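My questions will all concern the structure given below.
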Amino acid sequence: VRIAFERAICRMFRGRVREYVVQSPSMKRELSRWRGGGARIRVLPFADLARSRRDVELAGERFDFVYVASGDGHKNHQRLLDAWLLLGRQSIFPSLALTVEPDNLPILDRVQELSRNHGLRLTNLGVLEHDDVLDLYLRAGALIFPSLGESMGLPLLEAARAGLPIVAAERDYVRDIVTPAETFDPGSPVSIARAVRRFLQCPEEPVSVMSASEFLEQLLRP
């Protein structure tokens, strides 16, 4: 309801706006398409990253991957969990920490089901204070970021400042601000799983293409 109301306000008064300020080139392009010209658009990214890297790493549980995000639909948790299930079926079990709010039952129930029935190493840490998020980066092997869209993507900046490798969606908003170690199609759990495998240095071998004679030999083999 809030978002619908904000969109209505933006449409109603956009003819009276002389200048917009956005945080990334992607948002500038999207705003320009929506606005249709007639207003100045400036890109002025900002973030408080002063404490994004600490001198001393903290003790505590370590994770192969972390995904710092709320459970909103565009954050794409379900496809990420689908990818982790695919990895488990290939006998690959990287640990993954999430920060989903405790009342998001569809995601949390799936996390519990996959952990219990498939042996996946999934942990939900709940909503963290900002200092705890910064500490989490120091106990992680990589940030994975499958979000379908962001105005900027603060965790990407924080993880990069913390020296954390990033495995992220191949989307403009990602490359606006960081250079990921691996990328994937966020709409495909298979693509996400393959990117994780590449990052873990266990890539999937492509299928072998047979000649016509080999195909017939295989087809006719009893």
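Over the alpha carbons of the chain, what is the largest minus smallest coordinate on each principal axis, giving the biggest first in Å?
In descending order, the Cα extents are 75, 50, 34 Å.
Calculated FRET efficiency, residue 157 and residue 32, Cβ-Cβ r, R0 22 Å, to nearest 0.05?
Numbers: r = 23 Å, r/R0 = 1.06.
The computed FRET efficiency comes out at 0.40.
What 222 nm value per residue comes from the helices of the chain, counting each DSSP H run with n ≥ 4 as -39,500 (n - 2.57) and dividing by all residues, nearest 500 deg cm²/dmol? Could you put the intermediate results ahead of the total?
On the way: 9 runs with 90 residues, N = 222.
It comes out at -12000 deg cm²/dmol, rounded to the nearest 500.
Looking at the chain, which longest stretch skips every one of the GluC sites (Glu not before Pro) that is in a DSSP loop with at most 15 other Cβ atoms within 10 Å, leaving the sites themselves out?
Details: sites that count: 57, 61, 129, 170, 204.
Free of exposed loop sites, the longest segment is 62-128.
For residue 93, what accessible area in Å² do you get when you roll a 1.4 Å probe over the heavy atoms of the protein chains, rounding to the nearest 10?
Estimated to the nearest 10 Å², residue 93 gives 80 Å².
Could I have the simple spin-label model distance between residue 5 and residue 172, label points 7 Å from Cα toward Cβ, reported in nm to one decimal?
For the pair residue 5/residue 172, the computed spacing is 3.1 nm.
Rounded to the nearest 0.05, what FRET efficiency is calculated for residue 12 and residue 205 with R0 set to 45 Å and r the Cβ-Cβ distance?
On the way: r = 56 Å, r/R0 = 1.24.
According to the calculation, E is roughly 0.20.
With a point put 7 Å past each Cα toward its Cβ, work out how far residue 190 is from residue 123 in nm, to one decimal.
My value for the distance between the label points is 3.3 nm.
Could you state the accessible area per residue of the chain in Å², with a 1.4 Å probe and every protein chain left in place? Provide the component values of the computation, followed by the final result.
Values: 13010 Å² over 222 residues.
Result: 59 Å² of accessible area for each residue.
Any chance you could check the Cα centroid distance between region 181-222 and region 126-166 for me, in angstrom?
Rounded to whole Å, the Cα centres lie 30 Å apart.
If you count only protein heavy atoms and use a 1.4 Å probe, how large is the accessible surface of residue 14, to the nearest 10 Å²?
Looks like 80 Å² after rounding.
While we're here: Could you order 12, 152, 210 by accessible surface area, starting with the largest, using a probe radius of 1.4 Å? Before the final figure, lay out each step's value.
Numbers: 12 130, 152 10, 210 95 Å².
The ordering from most to least exposed comes out as 12, 210, 152.
Please report the projected area of region 105-222's Cα convex hull averaged over all directions, in nm². Could the numbers behind the result be given before it?
Numbers: hull surface 45.9 nm².
Its Cα hull, projected and averaged over all orientations, spans 11.5 nm².
Also, I was wondering about something else. Quick one: pull the percent of accessible area on the chain belonging to carbon and sulfur, 1.4 Å probe, ligands and nucleic acids left out. Please list the in-between numbers first.
Working: 6870 of 13010 Å².
Carbon with sulfur: 53 percent of the solvent-accessible area.
The values are calculated or read from the model by the stated rules, or taken from the named source; none is laboratory data. All values derive from a computational prediction rather than experimental measurement. Note that we place each Cβ from the backbone using ideal geometry, even for glycine, and neighbour counts take in every protein chain shown. In case anyone asks, the SASA skips ligands and DNA or RNA and just uses the protein heavy atoms, side chains included. Shrake-Rupley method; radii C 1.70, N 1.55, O 1.52, S 1.80 Å.
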